[in-house]
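**Q** What follows is a structure written as structure tokens; I'll ask about it next.
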Amino acid sequence: MLEGVKNLLRRRSLKKYASTVPTGILPLDRIRSAVVLLDVEDTSFDTCKNDIIVFFRDRGIKADIFFVDLRKLTEGERLITSITGTVLKKDLNWFGRPSKEKIAQLSEPEPDLLISLFPKNDFPGEFMAKVSRARFKIGREQLPGNTFDLVIKDPADKQYSEAELFREIVKFFSKIR
């Protein structure tokens, strides 16, 4: 029963907060701003973060990186990312929706591009992708309602790290005109 209530509230939240901005594939020369969602549990997230910064800076594109860190920090363990750009477990309500402050931070920039590098398809990741007002959305796995305009899947024999996946996305940008 609790699972049913949780799913009902998740659907209502998605309906209430989901972006209505039309999306589609955009060439890199039409992108002025981007938001990238990274999972800090991926061991390559720091390398990926640096690759993202360099890639977008070299092209004059403003990029914001949002980290998702749902780990339970042990006593003495410190957060390794900026608190303002990180969604923590304590920022989620009981059914997985980020706080209103985090929703505002994520939806405020109105980027041209959203890249979600989350390897798993959980509710917080789905919610953030659907709330984003980006005009072009890229992800690892398609979400219900065809949220992403471009999906880069892992090969059958391997799971990409976030850094490897970002490099594959960069290759696609050279093909989009």
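**Q** For a protection proxy built on the mean count of beta-carbon atoms within 10 angstrom, sort 25-31, 148-154 highest first, please. Let's see the in-between values first.
**A** Values: 25-31: 14.6, 148-154: 16.1.
Output ranking for 25-31, 148-154: 148-154, 25-31.
**Q** Could you tell me what percent of the DSSP beta bridges with both partners in the chain are antiparallel, to the nearest 5?
**A** Details: 1 of 20 bridges.
The antiparallel fraction comes to roughly 5 percent.
**Q** Where in the chain are the DSSP H helices whose C-alpha atoms run 24 Å or more along the long axis and whose mean Kyte hydropathy is at least 1.0? Don't skip to the answer; put the middle values down first.
**A** Values: long enough: none.
Helices passing the filter in the chain: none found.
**Q** How large a share of the accessible area of the chain, in percent, is made up of carbon and sulfur atoms when the probe is 1.4 Å and the other protein chains stay in place?
**A** Numbers: 5030 of 9750 Å².
Ligands and nucleic acids excluded, carbon and sulfur reach 52 percent.
**Q** Put a dot 7 Å past each Cα toward the Cβ at ALA156 and VAL170; how far apart are the dots in nm?
**A** Distance between the two pseudo-spin positions: 2.9 nm.
**Q** Highest first, please rank the peptides 161-168, 120-127 by the mean number of other Cβ atoms sitting within 10 Å of their residues.
**A** Working: 161-168: 19.4, 120-127: 17.8.
Top of the packing list down: 161-168, 120-127.
**Q** What relative contact order, as a whole-number percentage, does the stretch 123-177 give when Cα pairs under 8 Å and 6 or more residues apart are counted?
**A** Values: 33 pairs, mean separation 12.0, N = 55.
Reported relative contact order: 22 percent.
**Q** Okay, next question. Heavy-atom accessible area per residue, the stretch 36-167, 1.4 Å probe: how many Å²? Each step should come with its number before you reach the end.
**A** On the way: 6500 Å² over 132 residues.
In whole numbers, the stretch 36-167 has 49 Å² accessible per residue.
The values are calculated or read from the model by the stated rules, or taken from the named source; none is laboratory data. Source: prediction; values computed, not measured. Glycine gets a Cβ as well: all are built from the backbone with ideal geometry, and neighbour counts include every protein chain shown. Heavy atoms of the whole protein, side chains included, go into the accessibility calculation; ligands, DNA and RNA do not. Shrake-Rupley method; radii C 1.70, N 1.55, O 1.52, S 1.80 Å.
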